[in-house]
Each structure stands twice: as structure tokens, then as C-alpha cells.
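Enquirer: Dropping a structure here in C-alpha cells format, bear with me for questions.
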Amino acid sequence: MRLSIKPVTTPNPSTLVVPTQKLKTIISCCTLTQSPTSSTPNQATFTQNLPNWEQLLNPVSLSSLTLTQPITPITTTTAVTATKQPIRKIWEEYQGVKNWEGLLDPLDDNLRGEILRYGQFVDAAYKAFDFDPDSPSYATCKYPKSSLFENCELPATGYRLTKNLRATSGIQLPRWIEKAPSWVATQSSWIGYVAVCQDKNEIARLGRRDVVISFRGTATCLEWLENLRATLTHLPSRTNNNSGLNECEPMVESGFLSLYTSGTHLMPSLQQMVREEIARLLQSYGDEPLSLTITGHSLGAALATLVAYDIKTTFNRSPLVTVMSFGGPRVGNRNFRRQLEKKGAKVLRIVNSDDVITKVPGFVIDENERRHVACDRGAHKRVEIQNWLQKKVEDTQWVYAEIGKELRLSSKDSPYVNGTNVSTCHELSTYLHLVDNFVSRKCPFKATAKRLLGRHC
């Protein structure tokens, strides 16, 4: 996603305006647009009426963030190539084959460099997207495949872009939408790309050939509306079973699945494009050490998780599939998580504790709390009540599960980030800044670690 801070003009049907006294804020699952209007930016009011449906139709534009101090670019403090031990020797561990055991707390420098590197691929997906609704190329990629990385200030990746990816919304628009600006009804948009490592030196450093699938976050009106379709829905069955859906089958967020599987007679679905490209790459490079790394931010993080599941379900001999997600919302229920783990996909979720997007949609029931109920008087009765309540709640299709391994960070640990600013806490640059400076849970930030060394931190 991208964030915008812009002055508010006279409202019209294509302008998103929410009147407040202190702060104008729109919060969707993966889209935040904010305009501060007073000298007290840390205070926000969310008690005003929600905008009507016409006011929701406003694209997200780009602008800089308001930080307490400038964030140091990630290249100045952590060089991706400056690692203590060669990645190639244990590259599968860095891709999560052991669920990153012993690598997250404290954060391993090799892993830090890899997370930042994949974050830059996501940043390139944002920079290459045309956010200008007045542009004739709105919602497309601004650059050709051959020069995308160079134009996005990422010239020396060692990767070659092989496939552009588009996502299509399955929302059926009402007839009155024909009178709205054209960008309102943009059904299909460029959302990312597939790139393959081709540089011999980089392949040698990594210990394998790596394929990257990178996704941006929410940008168009219909993507924003898809985010609101937050109830869980069953994944399409591959067995053509007409006897009905099994309660144990995985379920995922309706809007995310729609963006992944919807297509038109002119535009294939994102699912079809991914499958075709992965099949081609496996045929070309399947006989050599190979990894598939899927990365994304916000909506892109959710799509990355769906892609990982789909690849492991579709291809019997797929290589190690790893998701590195930044600021992603919840995607599916417990059965989806179990199936994803059973199929061998590895997910590393980078989460900012102060980012509200990582806490939606739906809610999570704590299984551990019920597991460890003490065997005191009345405990079994409480468990029975909890189980009954859980079943009733799950029937509402709002119970999600946290998926994968979590690297938890916090904006409040950084002296350079306004930890109370909702939009800043979700920005990709904030995530990369926090990863670049995170040390461990006891010493969560490099500057803090230096100050606390004398206190036996």
C-alpha cells in the first residue's frame, strides 16, 4: 500500500473526505490515508460518522511520511553482503526449513540482510506502479521488464524480471458506476512481478537459484473494496466433491481470494498467471538447487500467503517455498494454517506491534489458554463452555488464525518513528527501518542496545 498526506478540497462524489476536528483518517484492511489538520498530530478522533459509499471511491496516492526524525536508509547501517557466515552453507535454514529456530532472537545478521533484500523487491513493486488516476497508464507498470529494477533504484540485484502479474477484482459493479471517473471501475491492475536470479556470483552467494514473486499493497478502489469482504470462505476444492464442503477444509478471507482467482475473458486470473510462470521455471531450473521466495506488504503479504499455498498444492515436486511478509493482515482460519504447514510452506511474518492492519480482519481465539487451564475445581466446566462458545463463534466465519513464524517489532522502540501515527506504523519503510535496527527482545533497537550495554542488557 501507499500512504498520502494531502490537503482536503471541496468534497465531490469522487473525493474521500471524513470530517473530524483533529485528524482525517480512513482505515481499511490494507489502506490508510491521513491528513493532519492541527498542531497535535498524536491525537486522533474516530467518533465521526463513517463515509458513505460514494466517498469510499478514492485512489491512494503517494507522498512522504511525517516522522519525528528522518529514517536512516537501510543501506547505511546494514550492508546485505556484509555477513559473518556464508549464506550458501545453510541457505535452507535462512529460508525457514527449521522455522528460523535460533535466528530471530537475537536477529541473525544474515537473516536481517535477506529480509531487507526481499523488502527492497517489494519497494520496487510500489515504485513501478502508476498511482496517478489522471494518467493514461493508471494502474499499470511504468517501466519495461528489462529496466524496472534500474528505474526503481535497485540496479545490482542479479535478478531478471520474467513475468508481470496483474490482479483482477471479482466485484460486480452497479450500473451507476459508469458515470463515475474511469479509475473507479478499474477492475484489473498490475500488482507485482516474478524475477529469477541469473547472476552467477549471486547464485554462488545464495547457494541456489532463487525465484522471487513480489507484490505491492492496496492501491486501487476495487482492491480497497475487496479488503472489506472480510468474512471467511472455503477454498475451491480440487476433488469435485458434490457431497458438500467438509468443516475441516481450509477457509480464507473472501476479498483476498477474489483478487487471486478472479479473471475476465481478456485477462487471466493472478492464480493462472502464477501457475503458468512457476510451471515454466520449474521446467527450466528444476534440476538445480532452487528456492521460491514470495514477498509482499499489506495486501501483497496476504496474496503471498495464498500463492504459497497454491504452489504447494498444485506442484507435487515444488522446491522450498518461503513467504516473507511485511505488515500483512490475517488470511485464513486454523485449518488453512494446518494445511499450509502440512504442505511444507514456510511463512515468516514481520509484524509491527503498533500496526493495526496486522490485527485485522476478524479475531483470533487463543488455543494455548484453553490447553493450559489448571485442573482446579470447575476447570473442566470452563473448558466445556469455552469450546461451546468457540464453536458458535466459528460459525460466524470471523475466526482467523495467525500463520507462520513471527518476527515482532515495535515502532515505539525507535527514536526516529512516531509510534502513535497509525499510517506511519504500517508504512513499508517503517518496517525496513525496524528490521534494520532490531537486535533482540531484551534490546529491541540498536541505539537502545548501545545505551543499555553498561546495564548488562
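Enquirer: Return only the number of the condition from (1) touching a residue at least 40 places away in the same chain (Cβ under 8 Å); (2) open to solvent by less than 50 Å² (accessible area, probe 1.4 Å); (3) assigned to a strand (DSSP E or B) that Arg166 does not satisfy.
Expert: It fails just one condition, (2).
Residue-wise test of (1) open to solvent by less than 10 Å² (accessible area, probe 1.4 Å); (2) at pLDDT 80 or above.
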| site | (1), (2) |
| --- | --- |
| Thr314 | no, yes |
| Ser318 | no, yes |
| Gly332 | yes, yes |
| Arg337 | no, yes |
| Glu341 | no, yes |
| Gly344 | no, yes |
| Glu369 | no, no |
| His372 | no, no |
| Leu389 | no, no |
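Enquirer: Which ones in the range 191-225 are within 21 Å of the chain's Cα centre (by Cα), surrounded by fewer than 23 Cβ atoms within 10 Å (Cβ to Cβ) and farther than 20 Å from Val323 by Cα?
Expert: Hit for the range 191-225 is Leu225, nothing else.
Enquirer: So, one more: Given the conditions (1) modelled with pLDDT of 95 or more; (2) assigned to a helix (DSSP H, G or I), which single one is not true for Glu178?
Expert: (1)
Enquirer: Can I ask one more? The conditions are (1) closer than 24 Å to Thr314 by Cβ; (2) touching a helix residue (DSSP H, G or I) at 6+ places or on another chain (Cβ under 9 Å); (3) of a type outside the set (S, T, N, Q), and Ala230 fails exactly one of them. Which is it?
Expert: Among (1) closer than 24 Å to Thr314 by Cβ; (2) touching a helix residue (DSSP H, G or I) at 6+ places or on another chain (Cβ under 9 Å); (3) of a type outside the set (S, T, N, Q), Ala230 violates only (1).
Enquirer: Which residue, of Met273, Met324, is open to solvent by less than 60 Å² (accessible area, probe 1.4 Å) and assigned to a helix (DSSP H, G or I)? Let's see the steps before the verdict.
Expert: Details: Met324 fails: assigned to a helix (DSSP H, G or I).
Going through Met273, Met324 in turn, just one is open to solvent by less than 60 Å² (accessible area, probe 1.4 Å) and assigned to a helix (DSSP H, G or I): Met273.
The values are calculated or read from the model by the stated rules, or taken from the named source; none is laboratory data. All figures in this text were calculated on a predicted structure; none of them were measured in a lab. Positions of Cβ are generated from backbone atoms using ideal geometry, with glycine treated the same way; all protein chains shown enter the neighbour counts. These accessible areas exclude ligands, DNA and RNA; they are computed on the full protein's heavy atoms, side chains included. Shrake-Rupley method; radii C 1.70, N 1.55, O 1.52, S 1.80 Å.
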